[in-house]
Amino acid sequence: MDTSEIVLQIKDISKTFPNSKALTKVNLDIRAGEVVALCGENGAGKSTLVKILAAVYSADDGGEIIYKGKKVNYKLPMEAKNDGIVLIFQELSLVKKLNVAENIYLGSLPISKYKTVDWKQLYNNTQKVLDQLGCTFSVKAIVGDLAISQQQMVEIARAIALDANILILDEPTSSLTIKEKEKLFKCIDSLKEKGVGIIYISHKMNEIFEISDRIIVLRDGCISGNVETMKTNIDKVVEMMIGRTIDTYYHKAATNKIGKEVLKVENLSVEGIFNNISFSVKEGEVLGLYGLVGAGRTEIMESIFGIRKISSGKIYINEKPVKIKASMEAVNNKIGLLPENRKEQGLVLGMDCQANIALANLKGVSRKSIIDKKKILNLFNEYKEKLSINTSGLMQLVRTLSGGNQQKIVISKWLATKPKILILDEPTRGIDVGSKAEIHKLIAKFAEEGMAIIIISSEMPEILGISTRLITITEGKITGEFVGDEISERNIISAITKH
């Protein structure tokens, strides 16, 4: 394999949308057997660029894409895919009622001589791909019944099955366990050996430095950096991304303002998921929950919020026992929950910004059961300013915002209910470094104002940097609790590996 061979060239690619210039004369190349990390803040143009490569978008006139030595101008995504350019989207695009094999080979199912689907060949081919990724679920499993991390592996299996020459992975590990990530990285190494050029998009800097050969940085639709991974470091890449240095990634709330206990759970259990969970959180605390994917962290919080029915145990708010059987009862008890999947669980993407912010507080923006437009406007303006939400206006559809600004809309929605307890499940997943720093500052600010914060995060640096107290969860059980200097990577890793 000749690693100097350029498989894909992008020359002077630009893209203009009705209200913005997304890309301006972008030039880059991808070599055979090379992993190129594409970095940049949300809104920098990363997704627009790879969607042009995959023919989801068309570029403005004047630029060109040269693939395997020839200029190409695909009109449809299927043309690019059939030619070996495969994009795995960050947002899953699976048909949840079909099985694993049908999803992986959708559009290219093997046909028998009788002009029907050759099911035996389909399942054999699928099993080979799953074995390559180390997946243990059945080829016949219905995708909708799989865990999110397993669905992500099905998406990745699609690309392998299509024998891609250029594979584009957009936040591929956002829902994967540590073991699944390791399997994916081994698979990427194998694809490199076969000469596949890989574009890897991630906001996780540790992954980028682990897996990539080269880093290309986009800022405001332009290339601001193109460096070999071995010849740079995180600080330099971040500076190229945001045009400034970030002195502190994580902002921890002052620990001398801890107030009274506002939430306590005793022996909380949901059969088959977690058992005898007991902890408390006080005013001004940022309580971190850390554990591997599937440990039960999200399910515990869903139980407190009334989404999931508890089997046994008690919940106390301000030292008084409460029974929370529905989300509205949680809201009435001054609890807010920012969910792990903001797009499916936290937002109505087809609605505008002001409507989304008001969703959890309709009583507060109504007068005699009629929505008061002035109150909604005031609410939007208040949180736009407080959280520095970057939007063209109150009527902008939420789906058109960057990930960081979407997350700020979800946070605003819950702040509008005036919560005393705010639960944040993976609050910075899939958002850029600059937006992460802003959200960390906001979390510290809320705690310093007396709010009790519970944060779930799979990112070790984040949970270490922002928690004032930390609990580890393993297989549905609490395995450790740490405060102050006890909050260390060594202690956490030791705790989550207990059995």
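Could you please let me know if Val100 is over 26 Å from Ile234 (Cβ atoms), in contact with a helix residue (DSSP H, G or I) (Cβ under 9 Å, 6 or more places away or on another chain) and either surrounded by fewer than 22 Cβ atoms within 10 Å (Cβ to Cβ) or not assigned by TED's automatic domain parsing to the domain that holds Val227 (or both)? Steps first, please.
Working: over 26 Å from Ile234 (Cβ atoms): yes; in contact with a helix residue (DSSP H, G or I) (Cβ under 9 Å, 6 or more places away or on another chain): yes; either surrounded by fewer than 22 Cβ atoms within 10 Å (Cβ to Cβ) or not assigned by TED's automatic domain parsing to the domain that holds Val227 (or both): no.
So Val100 does not fit the description; no.
Condition first: of a type in the set (A, V, I, L, M) and part of a helix (DSSP H, G or I). Now tell me which residues in the range 179-232 satisfy that. So that I can check it myself, show each step before the final result.
Step one: filter the range 179-232 for residues of a type in the set (A, V, I, L, M), giving 184, 188, 191, 196, 198-199, 201, 205, 208, 211, 215-218, 223, 227, 230.
If the condition is that a residue be of a type in the set (A, V, I, L, M) and part of a helix (DSSP H, G or I), then Leu184, Ile188, Leu191, Met205, Ile208, Ile211, Met230 are the ones that fit.
Out of all the residues in the range 110-130, is one or more in contact (Cβ under 8 Å) with a residue 40 or more places away in the chain, surrounded by fewer than 19 Cβ atoms within 10 Å (Cβ to Cβ) and assigned by TED's automatic domain parsing to the domain that holds Lys183? Write out each step before concluding.
Step one: of the range 110-130, the residues in contact (Cβ under 8 Å) with a residue 40 or more places away in the chain are none.
No, every residue in the range 110-130 fails to be in contact (Cβ under 8 Å) with a residue 40 or more places away in the chain, surrounded by fewer than 19 Cβ atoms within 10 Å (Cβ to Cβ) and assigned by TED's automatic domain parsing to the domain that holds Lys183.
Test Cys222 against the criterion of being touching a residue at least 60 places away in the same chain (Cβ under 8 Å) and surrounded by fewer than 22 Cβ atoms within 10 Å (Cβ to Cβ), and give yes or no. Spell out the reasoning first.
Working: touching a residue at least 60 places away in the same chain (Cβ under 8 Å): yes; surrounded by fewer than 22 Cβ atoms within 10 Å (Cβ to Cβ): yes.
Here the answer is yes, as Cys222 does meet what is asked.
Test of understanding: among Lys11, Lys96, Lys68, which residue is charged (D, E, K, R) and under 21 Å from the mean Cα position of the chain (by Cα)? Show your work before the answer.
Values: Lys11 fails: under 21 Å from the mean Cα position of the chain (by Cα); Lys68 fails: under 21 Å from the mean Cα position of the chain (by Cα).
The conditions single out Lys96.
Return yes when Glu261 is in contact with a strand residue (DSSP E or B) (Cβ under 7 Å, 6 or more places away or on another chain), under 30 Å from Glu486 (Cβ atoms) and either of a type in the set (A, V, I, L, M, F, W, C) or crowded, with 17+ Cβ neighbours inside 10 Å (or both) and no when it is not. If you could, list the steps in order and put the result at the bottom.
Values: in contact with a strand residue (DSSP E or B) (Cβ under 7 Å, 6 or more places away or on another chain): yes; under 30 Å from Glu486 (Cβ atoms): yes; either of a type in the set (A, V, I, L, M, F, W, C) or crowded, with 17+ Cβ neighbours inside 10 Å (or both): no.
Spelling it out, it is not the case that Glu261 is in contact with a strand residue (DSSP E or B) (Cβ under 7 Å, 6 or more places away or on another chain), under 30 Å from Glu486 (Cβ atoms) and either of a type in the set (A, V, I, L, M, F, W, C) or crowded, with 17+ Cβ neighbours inside 10 Å (or both).
Just checking, does the range 112-120 include any residue being at pLDDT 85 or above, in contact with a strand residue (DSSP E or B) (Cβ under 9 Å, 6 or more places away or on another chain) and of a type outside the set (Gly, Ala, Ser)?
yes
Do you know which of the residues in the range 50-66 that are within 24 Å of Cys187 (Cβ to Cβ) and either of a type in the set (Lys, Arg) or out of contact with any helix residue (DSSP H, G or I) (no Cβ under 9 Å at 6 or more places or on another chain) (or both) is surrounded by the fewest Cβ atoms within 10 Å (Cβ to Cβ)?
Ranking the qualifying residues of the range 50-66, first place goes to Lys51.
Looking only at the range 419-431, filter to residues that are part of a loop (DSSP other than H, G, I, E, B) and under 15 Å from the mean Cα position of the chain (by Cα); which one of those is modelled with the lowest pLDDT? Talk me through it step by step, then tell me what you get.
Of the range 419-431, the ones part of a loop (DSSP other than H, G, I, E, B) are 419-420, 426-431.
Retained after the next criterion (residues that are under 15 Å from the mean Cα position of the chain (by Cα)): 426-431.
Working: Glu426: 88, Pro427: 86, Thr428: 83, Arg429: 77, Gly430: 71, Ile431: 74.
Restricting to residues being part of a loop (DSSP other than H, G, I, E, B) and under 15 Å from the mean Cα position of the chain (by Cα), the top hit is Gly430.
Under the condition of being in contact with a helix residue (DSSP H, G or I) (Cβ under 8 Å, 6 or more places away or on another chain) and small (Gly, Ala, Ser), which residue from the range 190-219 is surrounded by the most Cβ atoms within 10 Å (Cβ to Cβ)?
Ser212
Would you please list the contacts, defined by Cβ atoms under 9 Å and residues six or more apart or on different chains, that run from a residue in the range 139-163 that is within 13 Å of Cys187 (Cα to Cα) to a residue that is surrounded by fewer than 19 Cβ atoms within 10 Å (Cβ to Cβ) and among the hydroxyl-bearing types (Ser, Thr, Tyr)?
Pairs found: Ala161/Ser108.
For the range 172-189, how many residues meet the condition of being surrounded by 18 or more Cβ atoms within 10 Å (Cβ to Cβ) and out of contact with any Gly (no Cβ under 7 Å at 6 or more places or on another chain)?
9
Only one of Arg297, Arg308 is touching a helix residue (DSSP H, G or I) at 6+ places or on another chain (Cβ under 9 Å), under 26 Å from Leu359 (Cα atoms) and not aromatic (Phe, Trp, Tyr). Can you tell me which? Reasoning before the result, please.
Working: Arg297 fails: touching a helix residue (DSSP H, G or I) at 6+ places or on another chain (Cβ under 9 Å).
Residue meeting the stated conditions: Arg308.
In the range 474-485, which residues are closer than 23 Å to Met451 by Cα and either surrounded by 17 or more Cβ atoms within 10 Å (Cβ to Cβ) or out of contact with any strand residue (DSSP E or B) (no Cβ under 8 Å at 6 or more places or on another chain) (or both)? If you could, list the steps in order and put the result at the bottom.
As a first pass, look at the range 474-485 and keep what is closer than 23 Å to Met451 by Cα: 481-485.
If the condition is that a residue be closer than 23 Å to Met451 by Cα and either surrounded by 17 or more Cβ atoms within 10 Å (Cβ to Cβ) or out of contact with any strand residue (DSSP E or B) (no Cβ under 8 Å at 6 or more places or on another chain) (or both), then Phe482, Gly484, Asp485 are the ones that fit.
For residues that are within 25 Å of the chain's Cα centre (by Cα) and of a type in the set (D, E, K, R), tally how many sit in the range 113-166.
Qualifying residue count for the region: 3.
Consider Ala416 carefully, then state whether it is of a type in the set (A, V, I, L, M) and at pLDDT below 85. Working first, answer last.
Working: of a type in the set (A, V, I, L, M): yes; at pLDDT below 85: no.
Spelling it out, it is not the case that Ala416 is of a type in the set (A, V, I, L, M) and at pLDDT below 85.
Looking at the structure I just gave you, is Ile463 crowded, with 20+ Cβ neighbours inside 10 Å, touching a Phe, Trp or Tyr at 6+ places or on another chain (Cβ under 8 Å) and assigned by TED's automatic domain parsing to the domain that holds Glu283? Walk me through it before giving the result.
Numbers: crowded, with 20+ Cβ neighbours inside 10 Å: yes; touching a Phe, Trp or Tyr at 6+ places or on another chain (Cβ under 8 Å): yes; assigned by TED's automatic domain parsing to the domain that holds Glu283: yes.
Considered against the rule, which asks whether it is crowded, with 20+ Cβ neighbours inside 10 Å, touching a Phe, Trp or Tyr at 6+ places or on another chain (Cβ under 8 Å) and assigned by TED's automatic domain parsing to the domain that holds Glu283, Ile463 comes out as yes.
Please name all residue pairs, on different chains or six or more residues apart, with Cβ atoms under 6 Å, provided the first residue is in the range 355-377 and is touching a residue at least 12 places away in the same chain (Cβ under 8 Å) and the second residue is of a type in the set (S, T, N, Q) and outside any loop (DSSP other than H, G, I, E, B).
Filtered contacts from the range 355-377: Ile357/Ser412; Ile376/Gln354.
Is there any pair with a first residue in the range 62-76 that is not assigned by TED's automatic domain parsing to the domain that holds Thr16 and a second that is surrounded by fewer than 10 Cβ atoms within 10 Å (Cβ to Cβ) whose Cβ atoms are under 7 Å apart and which are 6 or more apart or on different chains, and what are they?
Listed pairs, sorted by first residue: none to list.
Evaluate the following for Ser224: is it of a type in the set (S, T, N, Q), at pLDDT 90 or above and in contact with a Phe, Trp or Tyr (Cβ under 9 Å, 6 or more places away or on another chain)?
Values: of a type in the set (S, T, N, Q): yes; at pLDDT 90 or above: yes; in contact with a Phe, Trp or Tyr (Cβ under 9 Å, 6 or more places away or on another chain): no.
It is false that Ser224 is of a type in the set (S, T, N, Q), at pLDDT 90 or above and in contact with a Phe, Trp or Tyr (Cβ under 9 Å, 6 or more places away or on another chain).
The values are calculated or read from the model by the stated rules, or taken from the named source; none is laboratory data. These numbers were taken from a predicted model, which means no experiment stands behind them. Note that we place each Cβ from the backbone using ideal geometry, even for glycine, and neighbour counts take in every protein chain shown.
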